[in-house]
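Report on the structure given below.
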Amino acid sequence: MGPSTFLIGGGWDRGAVAAVYGPFVRAAAARAAGRAPRIGCVVLDEGDGAAQFARYEPVLREAGDCAPVPVLVPLGGRFAPAAVLDGVDGLLVCGGLTPAYQEAFAADVAPTVALLAERGIPYAGFSAGAALAARDAVVGGWRADGVAVCPEDAGEDLDEVAVRPGLGLVPFAVDVHAAQWGTLPRLAAAV
């Protein structure tokens, strides 16, 4: 059995913080057994990693008593599961360029999932992090066999629809921002 998994995408509505992040923070708190849970926040650092982390930190704190910790992975770098998952009670994989997040996790999928499960660490994915939770991650693209299936701006710097190995925390495909970016046809093409 895998870790508790929470998929988040839709925006930054401060009125929805308790409903959106609360269950994840409570799951991390249950693991922390009486102390404020440490939440590792994985941010793909494209030069603004600290600023991106600063967007998530207050939202998590508003959702419940916790200690968010930045985990900045440089663009082109790799996520180090053993180092990161030591000492955290929850893992939030944040948003950004989905193909780059997938590449950052690709080399260590099995150890990451094994450590999450063994240690009972809940996982939350926001946007790119939500897509990455799938067994088969829809990471971007805007054309299927050369035919446009969604707006080019939603392609995540990819031309053809790309499905790559994800973490396998959920058995279904996830595409993000379907309402905001018009990506539902991309998901249909990927499936």
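Quick one: net charge of Phe24's neighbours, Cβ under 12 Å, K/R +1, D/E -1?
For residues surrounding Phe24, the net value is +1.
With the chain treated as a Gaussian network of Cα nodes joined by springs under 10 Å, which of Ala173, Ala124, Ala83 yields the largest mean-square fluctuation?
Ala83
How much solvent-accessible surface does Phe24 expose, in Å² to the nearest 10, with a 1.4 Å probe and all protein chains in place?
The accessible area of Phe24 comes to roughly 0 Å².
Antiparallel versus total DSSP beta bridges in the chain: what percent is that, nearest 5?
Rounded to the nearest five, the antiparallel share is 20 percent.
What angle do you read, to the nearest 10 degrees and between 0 and 90, between the alpha-carbon axis of helix 49-63 and the longest principal axis of the chain?
The helix 49-63 is inclined about 60 degrees to the chain.
Amide H to amide H under 5 Å from Ala67: which residues, 5+ apart in sequence or cross-chain, H placed 1.01 Å off N in plane?
Arg38, Ile39
Nothing charged except the Cβ atoms of Lys and Arg (+1) and of Asp and Glu (-1): what's the magnitude of the dipole of the chain about its Cα centre? Round to the nearest 20 debye.
So the magnitude is around 760 debye.
With θ set to phi - 60° and the Karplus curve 6.51 cos²θ - 1.76 cosθ + 1.60, what are the ³J(HN,Hα) couplings of region 179-184 in order, to the nearest whole Hz, using x for Gly and Pro?
My calculation for region 179-184 gives 6, 6, 10, x, 9, 4 Hz in order.
The values are calculated or read from the model by the stated rules, or taken from the named source; none is laboratory data. The shown structure was predicted, so the numbers you read here are calculated from the model rather than taken from an experiment. Backbone-built Cβ (ideal geometry, glycine too); neighbour counts: all protein chains shown. Heads up: the accessible areas ignore ligands, DNA and RNA and are worked out on the full protein's heavy atoms, side chains in. Shrake-Rupley method; radii C 1.70, N 1.55, O 1.52, S 1.80 Å.
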